[in-house]
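Beneath this line is the structure, given in structure tokens, with notes to follow.
The values are calculated or read from the model by the stated rules, or taken from the named source; none is laboratory data. Please read all numbers here as calculations on a predicted model, not as lab measurements. Here the Cβ is made from the backbone with ideal geometry for all residues, glycine too, and neighbour counts use every protein chain on show. What goes into the accessible areas is simple: the full protein's heavy atoms, side chains included, and nothing from ligands, DNA or RNA. Shrake-Rupley method; radii C 1.70, N 1.55, O 1.52, S 1.80 Å.
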Amino acid sequence: MPIQINSFMGKFGFFARQYFPTLASDAYLKLQFATRSRMQKEYCDYFLSQEEVPQPNVVNIETINRCNSTCSFCTANIHAEKRPFMKMDEDLYRSIIDQLADWNYKGHLTLYGNNEPLLDTRLVEFHKYAREKLPDSFIFCSTNGLILNKEKVDALKPYINQLIINNYAYEYKLHDNIREFYEYAKAHPEEYRDLDIVIQMRYLKEVLTNRAGSAPNKQATEKVIKETCLLPFTDAWIMPNGKLGLCCCDNFEVTDFGDLTTTPLKEAWGSEKFQQVRRMIADGRQNYPFCKHCDFIDAGFRMQIVKNILAGNMEAANRQGGHERT
């Protein structure tokens, strides 16, 4: 697959986020809520109507809770990070992957959360184990690319379906190391024919969502968000300490729906505690305090996943690429 460069609304969108960050964010969110809320609610109702709790569509495993970037919208940036440093225990990681294999999981998997996954020196080994145990899963890696090079990509290449490189910068241009790899990949497409590589042009100081009030550059307001949210229905969010959290907006790791060091993943995911919260959120975020003022909405591949599931095409849902803007 050819390497490609994406940017939401191209250079115009990049410059809008650069010079009119709040206006661009507000307009973007209004558009997404207007166009996506109905299908999100439809999927939440579908999920809750099933006799057996459906599997997650995306399993996110954060193996190290650190980043090396300065993105203004994220609490994991090197100036805002407050979490105690933690790396996931290797036995716990393998146990989670083994449980997914026993569950016959064929959905999406990423070893990524509020972090930079390439900081974990075990990343290639972890991906190798996941690919061996989950041969039919769509495994994607999302990185800011700051320490990326050809050698790192080549080491991961046998085990992942997709590499997403978020090029966070002040200007609309590639970092030198990312440009070097891009030019090589363009000149040698046969080396990467089995890997989907997407470079996303991102403004380093853009304003996105308030992330349940945790975003450093966009705190939650008193506005109550009454729409539902897909994430508790689509994503298993696993922190380095083994806790199953609510979603990616739990930047401070405060939600807890099960300790996977003692509770099986399937049991925690399908627990009545989690289902009760899902029922509340399905009827509107105002019903659950953590989500009440959160304006996050997924505008990426999850919508395509749920669209395919609602249409009865599970195979297509499992193969949907992971482009996203969060």
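From the list K128, K152, K106, exactly one residue is touching a Leu at 6+ places or on another chain (Cβ under 7 Å) and among the charged types (D, E, K, R). Which is it?
The unique qualifying residue is K152.
Of the residues that sit in the range 194-224 and are within 25 Å of A16 (Cα to Cα) and β-branched (V, I, T), which one is farthest from the chain's Cα centre (by Cα)?
T221
Only residues that are assigned to a helix (DSSP H, G or I), free of Cβ contacts under 8 Å to residues at least 12 places away in the same chain and open to solvent by 70 Å² or more (accessible area, probe 1.4 Å): list them for the range 24-59, please.
Hits for the range 24-59 are K30, L31, A34, T35, R38, S49.
So which residues in the range 188-215 are more than 17 Å from F290 (Cα to Cα) and part of a loop (DSSP other than H, G, I, E, B)?
The answer is H188, R193, D194, L195, L204, K205, E206, V207, L208.
Quick check on the range 168-182. Is at least one of its residues under 18 Å from the mean Cα position of the chain (by Cα) and surrounded by fewer than 19 Cβ atoms within 10 Å (Cβ to Cβ)?
no
Which number in (1) assigned to a helix (DSSP H, G or I); (2) free of Cβ contacts under 8 Å to residues at least 60 places away in the same chain marks the one condition that I96 misses?
(2)
When residues of the range 121-136 are filtered for being outside any helix (DSSP H, G or I) and either of a type in the set (A, V, I, L, M, F, W, C) or crowded, with 21+ Cβ neighbours inside 10 Å (or both), how many remain?
Matching residues across the range 121-136 total 1.
Can you confirm whether the range 251-271 contains a residue that is open to solvent by less than 30 Å² (accessible area, probe 1.4 Å) and modelled with pLDDT under 95?
yes
Out of Q304, Q275, Q286, Q320, I need the residue that is within 17 Å of the chain's Cα centre (by Cα), surrounded by fewer than 18 Cβ atoms within 10 Å (Cβ to Cβ) and either part of a loop (DSSP other than H, G, I, E, B) or touching a residue at least 12 places away in the same chain (Cβ under 8 Å) (or both). Which one?
From the options Q304, Q275, Q286, Q320, the qualifying one is Q304.
Please give the number of the condition T255 fails out of (1) farther than 19 Å from N60 by Cα; (2) in contact (Cβ under 8 Å) with a residue 24 or more places away in the chain.
The number of the failed condition is (1).
Name the one entry in L146, L163 that is buried (at least 22 other Cβ atoms within 10 Å of the Cβ) and either at pLDDT 95 or above or part of a strand (DSSP E or B) (or both).
Criteria check complete, one pass: L163.
Closer than 20 Å to N318 by Cβ and basic (K, R): which single residue out of K133, K150 fits that description?
K133
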